[in-house]
Every structure is written in structure tokens, then in C-alpha cells.
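What follows is a set of notes on a single structure, which appears directly below.
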Amino acid sequence: MIEPKVVQSIPEIEMTRKSDVNRKRYSQIISIFKSNKMGMLGIGIFVFFGLIALIGPIIFPYNPLQIGSGNEVMQPPSSQHWLGTDDLGRDVLAALISGSRVSLGVGILATFITMVVGTLIGIGSGYIGGKVDTILMRFTEIFLVLPWLPLMLVLAALLGSSIWNIILVIGLTSWSSTARIVRANLIRKGKTIY
């Protein structure tokens, strides 16, 4: 009995080629990343604190703001309080878990705002060019030369001390270098002959 030949259509062949190219590209990125020991350490720390922030409250249900009784003040590590308690009897591990959630949330959201604002201004400046480019880059340079810490403190004092205001202040004062990088790459790509 003769076996029928399996014939692939052109779209299937193209999809196979694209998946092979993508697989090679991802393996190259992973091998480059694995060769950088500090990068691996950084991603390990980020994943560790991300897991603590996500599953910490489930496996460790203490309230970080709950003040303990008089005999729970300044307790050393024990089976009940793994990292001990502070001077008000609050559980130190619960405070660490709560703090990691807040810190990661602020960092991720502020970085997102920074990337969006910087990318939009950089693309607008690099793509439109002319007077718009000049105006946007002078505005960006103002943010580059202003001391960012006093500016953030003043804005946080004016807006109030909520978590959302802090995220906005960090995000809206940190976009300038992103805008310059996006603009430079857009101009460089525009001058490339394909």
C-alpha cells in the first residue's frame, strides 16, 4: 500500500518558518540574559518579592498595623512571629509583606506612567520634527535639569500624600530620559536606508 504524501500549504510553511525564527530569537535573548549574572540576580530578587507580595497575605494572615499586647512588645523570632515584633508589638514579617506589595505596586505603576509619557513625547518629537520637536525637547530638557527629588517632594506636598498621588508624581517627573531615547532611536531609524 502506498502512503499518501503530506503536502503543506504555503501559509503553514510560513507559520512554521515564523515560529522557528521566533524560537531562535527567544533562545538568543534567554542565553544573553543567562550570561549576565547580575541580571539573573536582579530578576531572582524581583520574582522573590513578587511572590511574597502575591501569596504572602494568604500564608501569613497577620495584620501589619495590629498593635500587640504588652507582653508581645519586642519579641524575638518565634513560631508565632517568624521575624519577631517591633516596639509596638506589630509583627515584622507582616509589615515586610505589606511593604513589598506597596513598593512593587508603586514601582510598576510609576514605571508604566513614565514609559507612556516618555514614549508619547519622544515619538511626537521625533516623528513630527520642526518646531514641535524643538518645543518638546526644550520642555524635556527642563525636566532633565531640574533636581528631581525636591521637585517630587514639592509636588507630593501640594497634591497630598496618597499612594496614587505618589505614583503620579514619580511617573510624571521621570519621563524625560525615556523621551530623549525614543526620539533618538526614531530619528536614527528614519535615516536608515532599507
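Among residues of region 27-42 that are under 25 Å from Leu104 (Cβ atoms), those with a Cβ under 8 angstrom from a residue that is part of a helix (DSSP H, G or I) and among the small types (Gly, Ala, Ser), sequence gap 6+ or separate chain, pair up as Phe33/Gly39.
If you go through region 39-64 and keep only what is loosely packed, with under 14 Cβ neighbours inside 10 Å, under 17 Å from Arg90 (Cα atoms) and in contact with a helix residue (DSSP H, G or I) (Cβ under 8 Å, 6 or more places away or on another chain), you end up with just Asn63.
For region 83-97, the candidate set comprises residues that are part of a helix (DSSP H, G or I) and in contact with a Gly (Cβ under 8 Å, 6 or more places away or on another chain); within that set, the residue that is farthest from Asn71 (Cα to Cα) is Ile97.
Checked against (1) modelled with pLDDT of 90 or more; (2) loosely packed, with under 15 Cβ neighbours inside 10 Å; (3) not hydrophobic (A, V, I, L, M, F, W, C), Thr140 passes all but a single condition, namely (2).
Scan region 28-82 residue by residue and report those that are assigned to a helix (DSSP H, G or I) and of a type in the set (Gly, Ala, Ser). Please lay out each step first, then the result.
We begin by selecting, within region 28-82, every residue assigned to a helix (DSSP H, G or I); these are 28-35, 37-59, 70-72.
Within region 28-82, Ser31, Ser35, Gly39, Gly42, Gly44, Gly50, Ala53, Gly56, Gly70 qualify.
Scanning region 65-82 for residues that are out of contact with any His (no Cβ under 7 Å at 6 or more places or on another chain) and either of a type in the set (Val, Ile, Thr) or surrounded by 15 or more Cβ atoms within 10 Å (Cβ to Cβ) (or both) turns up Ile67, Gly68, Glu72, Val73, His81. For region 98-106, the count of residues that are within 19 Å of the chain's Cα centre (by Cα), part of a helix (DSSP H, G or I), touching a residue at least 60 places away in the same chain (Cβ under 8 Å) and surrounded by 14 or more Cβ atoms within 10 Å (Cβ to Cβ) is at least one.
The values are calculated or read from the model by the stated rules, or taken from the named source; none is laboratory data. Just so it is clear, the model here is predicted, and its values are computed rather than measured. Ideal geometry is used to build each Cβ from the backbone, glycine not excepted, and the neighbour counts take in all protein chains shown.
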